[in-house]
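A quick write-up on the structure given underneath.
All of the numbers you see were taken from the coordinates with simple rules; none came from a lab. Computed from a predicted model, the values in this text were never measured in an experiment. A quick note on method: Cβ atoms are made from the backbone with ideal geometry, for glycine too, and the neighbour counts reach across all protein chains shown.
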């Protein structure tokens, strides 16, 4: 589905949700939705706030937090907690299924696109369950941190060898 159709669909769903729950349909709420669906990847509340203000759309933090709660409740945004204290969010529509590779050393999160995780046999077992999307968290150490650790180990070994040589 192309980007404009996705935006149209999520706007329709959000409007229906707001109507059903008797919430106001404000331009700020729709601007937040538009902004989220115009950018790719994960975001936290601070980066979203700064990004919206940098794009000349002044919005209060309270409006942002309240709108995110509404978007979470109606299923248009997904919340992740990758181990840090800061919650990360991403749009729920228009994302391919993907894994999250999380470095336990530096906290960097990368997305890894994958094929269908479920084989036809597994799908048959889930026949009374319609999968909308899925996400997998894979924790490990990224290449940059591994390289940095290897350099530190070399320095540490060199330093220990020098100390041992001086003692002899």
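Summary table below
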| quantity | calculated |
| --- | --- |
| Inverse of mean 1/r across different Cα pairs in the range 1-95, Kirkwood, Å | 13.6 |
| Computed E for residue 157/residue 110 - FRET, C-beta separation, R0 35 angstrom, nearest 0.05 | 0.70 |
| Efficiency of FRET from Cβ geometry, residue 7 and residue 60, R₀ 25 Å, rounded to 0.05 | 0.60 |
| Difference of contour (0.36 nm per residue) and Cα-Cα distance, residue 137 to residue 79 | 19.6 nm |
